[in-house]
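Data block below; observations after.
The values are calculated or read from the model by the stated rules, or taken from the named source; none is laboratory data. What you see is a predicted model, and the numbers here were worked out from it, not measured in a lab. Cβ coordinates were reconstructed from backbone atoms using ideal geometry, including for glycine residues, and neighbour counts include every protein chain displayed. With ligands, DNA and RNA removed, areas are computed over all heavy atoms of the protein, side chains included. Shrake-Rupley method; radii C 1.70, N 1.55, O 1.52, S 1.80 Å.
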Amino acid sequence: MHMREYLVQVAEQMTSRPLPEFTTESELQIWRKEKQRQFHRMLGIDQYLQQERSPLNIKVTGTLKRDTYRVDKLYYESLPGLYVAGNLYVPNNIVRSVPGIIYVCGHAKNQKTHYQEHARKFAQLGFVTLIIDTIQNGEVLGEHYGTNNHGCFHWISRGYSPAGVEVWNAIRGLDLLSELKEVDETRLGMTGISGGGATSWWTACADDRVKIVAPSCGTGTLASHLSERTIDDHCDCMIPTNPYGWSMIEMYALIAPRPCLIVSASADKLFKSDSIHLVYEKLKLFYQQVGAEDKLGLMMFYGPHSYNSDSRKEIFHFFMSHLMPTTIHNELSDVDGFKEKNEDLLVYNGINPPNDESTTVQDWFIPLTKTYMIRNQRELNFERDELVKKLYTESFSAFTQDHEVVDVRIEQSYIDKETYWSTHKFSFSPDSYWRLNGELLCPLTVSSSPAPVVIALREAGAARGILKSYPLLEGLDDKWVRTRIDPRGTGDTSWGPELSLHLRRASNWTGRTIASMRVWDVLRGVQAVRSFREIDPKRVVLAAKGEMVAVALYAALLDDQIAGVIIQNPPATQNALSEPNGTGPAIEIIHSLRYTDLPQVAGLLWPKPLVFIGQRPETYRWTEQLYRRIGHPGGIWHVKSLAEWPGLVE
């Protein structure tokens, strides 16, 4: 199977999963609260929700006074040093508190100016409306396109998505509205288009204060995004990290049973109309369970990725109906077409606040794990057990739960006429989708008794070669059985560099990564190798080079029966840039850097022997210090070739 075909099938299965069934709204709310906690984790905002919120420190830099409303040009700190620029549209002559609306912008230049008509119209209708810049295209130019343009695949390991920052900035915008005397904090709504449509979804899913939401041109499914490859045109803010493998529909369901109007264009390049109808139909059934089907609406209009007059008027009517139900209003008109000049709506006037953290938020929004001090074997065992639990929950949740038989098949067996070693070419199935290849080379001298085995992990792009002279195994004593397994993306299942960017991003959206899938392949491949009668199942050592070192280390951590790891040219860390075109080491694993990094994983393998062939990065000094601190029977070797390694201690 090809990796792209596999990911499309996975996305289709995820999208087709039924939503849970409830008989009462209380059952729905119990489910929502638990799922919402996980969703906060997916956004990376759980830590901020659990602590006292920092002061907003609102600064008004100017005011525009108009006939029926005013515009306060302001900014606030959603976190210390993280500034959010916005325009607050306040109707004149407010005599009692009115509803408040957050308008979140799409990826248009000069965002507050580009979408000003919507905020102004809401103010003309009587809503206090806050329109806020994103970190991408506002007055301060941050970054949304990390994995798509800049090789920031370490964001995945960090558990970072710009969606998290945008949602947090919007949540603090809700805080700002709630503090205003003009606003009724029990009547807050949210809307926006494109990236703002997605942020409207995610914020309403994350914060129950959003009583009504109307995402425009920001609704889709994983199946459509992958099969149609619209994912290639989307930035990273369009979806949170997905450690639990949710479909987008399962995320959207967190809004129920609050009023939601899905607005989309039928000829949208980025969101296929069939997928939008599917979202609506599945959510409609979900709403119907608790008698709230009248609170979900769909408005499709003919046109490209944009608004039109009808869609705008439908949104205005939707908010009036739900947030001002007692107000008598005739058919609503469209926006008035008036455009303030961009320079008149600027908040900073070209002088940004000092020490603005918006452009570096990706480096600190998700705190990395701190290198922990382990003093003895008991502490090491505890840290290892805790780490494995966390990784299975958030990094490897896509591992199949049904451990099917690996179905080892001998494809060819023969004796090499030059070496007189027996060779088995075999295949195995890590799951029902894949059949991967391997090769086992056994000296005839050990054919009658179980022998230790070194399993070399094939690298992407590596030539077939001869296993006995496999460079990584050079110098290995002939008492060892040599084996090679080909994780997906290597050998017969490899793909060209032109697909690397797409596949790495698509994998992440479905709750897995290339590296995490390869870890699973290795675990299942080890199980396959242990089934050979020539092999001593207790003396299995992994050998890996380059990006495959990350795979070998995590596999050895998860399989406590692996006896050791041989390493050559290991990556120094998972917290590093890749190539902008998606090539380079694919070592990202979802949320892994929240808990660990490669040198820490290696250290927690104690007492398994670690063998470094050649030089190793300085980051692994922590690993060596830990091994030295805990002591016997763990050991680390630095060798030029395996001829210098004494092998496993009997």
Cα extents of segment 432-573 along the three principal axes, largest first (Å): 48, 32, 29
Counting only Cα atoms, I'd like the Rg/Rh figure for segment 271-311, Kirkwood definition for Rh. 1.06
FRET efficiency, Q288 to K341 (Cβ-Cβ, R0 60 Å, nearest 0.05): 0.80
Give the long-range amide H neighbours of V98: residues separated by 5 or more places, or on another chain, with amide H under 5 Å away, using H modelled in the peptide plane at 1.01 Å from N. V183, D184
Once both label points are put 7 Å beyond Cα along the C-beta direction, the S273-I351 separation in nm becomes 5.2 nm
Karplus (6.51, -1.76, 1.60) ³J(HN,Hα), θ = phi - 60°, over segment 214-226, in Hz, Gly and Pro reported as x: 9, x, 10, 6, x, 10, x, 10, 4, 4, 5, 4, 7
Report, largest value first, the span of the C-alpha coordinates of segment 460-523 along each principal axis, in whole Å. 45, 24, 16
Listed residues H150, G491, G189: farthest to the positive end of the dipole of the chain (Cβ charges): G491
Can you tell me, using C-alpha contacts under 8 Å and at least 6 residues apart, the relative contact order of segment 184-286 as a whole percent? 31 percent
Under a crude label model (7 Å from the Cα following the beta-carbon direction), how far is W637 from E281 in nanometres? 6.2 nm
Averaging sequence separations of C-alpha pairs under 8 Å and six or more residues apart, then dividing by the length of segment 491-629, give the relative contact order as a whole percent. 26 percent
Pairs over 26 Å Cα to Cα, from K295/K339; K284/K389; K33/K284; K35/K121, come to K295/K339; K284/K389; K35/K121
Using C-alpha positions alone, give me the convex hull volume of the chain per residue in cubic angstrom. 158 Å³
Those residues of segment 1-28 whose amide nitrogen sits under 14 Å from the label point placed on D232, 7 Å along Cα→Cβ: 4-5
For a quick size check, give me the Cα extents of segment 113-186 along its three principal axes, largest first, whole Å. 45, 26, 16
Given 130-142, 105-117, the highest-first ranking by average Cβ count within 10 Å works out to 130-142, 105-117
Global size of segment 536-603 as Cα Rg and Dmax, reported in angstrom: 12.7, 44
Pop out the ³J(HN,Hα) list for segment 407-424 in order, Karplus 6.51 cos²θ - 1.76 cosθ + 1.60 with θ = phi - 60°, rounded to Hz; leave Gly and Pro as x. 6, 6, 10, 7, 8, 6, 9, 6, 10, 5, 6, 8, 9, 6, 9, 7, 10, 10
Given 0.36 nm per residue, what is the gain on full extension from S16 to R435 after removing their alpha carbon distance, in nm? 148.4 nm
Amide H of C105: which non-local residues (sequence gap of 5 or more, or other chain) have their own amide H closer than 5 Å, using H built in the peptide plane? I132, T134
Quick one: which of 598-605, 196-203, 386-393 comes out on top by average Cβ neighbours within 10 Å, and what's the full order, highest first? 196-203, 598-605, 386-393
Across the alpha-carbon set of segment 189-344, Rg over Rh with Rh taken as the Kirkwood radius works out to 0.97
Sort out for me the Cα centre separation of segment 237-299 from segment 578-595, rounded to whole Å. 30 Å
Return the loop-located GluC sites (Glu not before Pro) in segment 327-376 (DSSP other than H, G, I, E, B) with at most 10 other Cβ atoms within 10 Å of their own Cβ; answer none if there are none. E331
I need the calculated FRET efficiency for the pair D559 and W31, taking r as the beta carbon distance and R₀ as 35 Å, to the nearest 0.05. 0.55
Per residue, how large is the accessible surface of the chain? Use a 1.4 angstrom probe and give square angstrom. 39 Å²
XL table K73/K272; K272/K390; K109/K313; Cα-Cα > 30 Å flagged, in table order, is K73/K272; K272/K390
Plugging the Kirkwood radius over Cα pairs into Stokes-Einstein for segment 137-260, at a temperature of 25 °C and a viscosity of 0.890 mPa s, what D comes out in µm²/s? 160 µm²/s
Just the number, please: carbon plus sulfur as a percent of the accessible area of segment 548-633, 1.4 Å probe, no ligands or DNA/RNA counted. 49 percent
Tell me what the chain gives for mean residue ellipticity at 222 nm when only DSSP H runs of n ≥ 4 count, each as -39,500 (n - 2.57), the sum divided by the residue total, rounded to 500 deg cm²/dmol. -9500 deg cm²/dmol
Select from S224, L254, P243 the residue farthest towards the positive end of the dipole of segment 201-264; place +1 on Cβ of Lys and Arg, -1 on Cβ of Asp and Glu, and compute about the Cα centre. L254
Pairwise Cα inverse-distance average, inverted: Kirkwood Rh of segment 494-650 (Å): 16.5 Å
In segment 151-274, what percent of the accessible surface is made up of carbon and sulfur (1.4 Å probe, ligands and nucleic acids excluded)? 46 percent
The relative contact order of the chain, taking Cα pairs under 8 Å that sit 6 or more residues apart, comes to a percentage of 14 percent
Ranked from highest to lowest mean number of other Cβ atoms within 10 Å per residue, what is the order of the peptides 22-34, 543-555, 305-317? 543-555, 305-317, 22-34
Note, ³J(HN,Hα) from phi for segment 81-90, Karplus 6.51, -1.76, 1.60, rounded to Hz, x at Gly and Pro: x, 9, 8, 10, 8, x, 10, 9, 9, 10
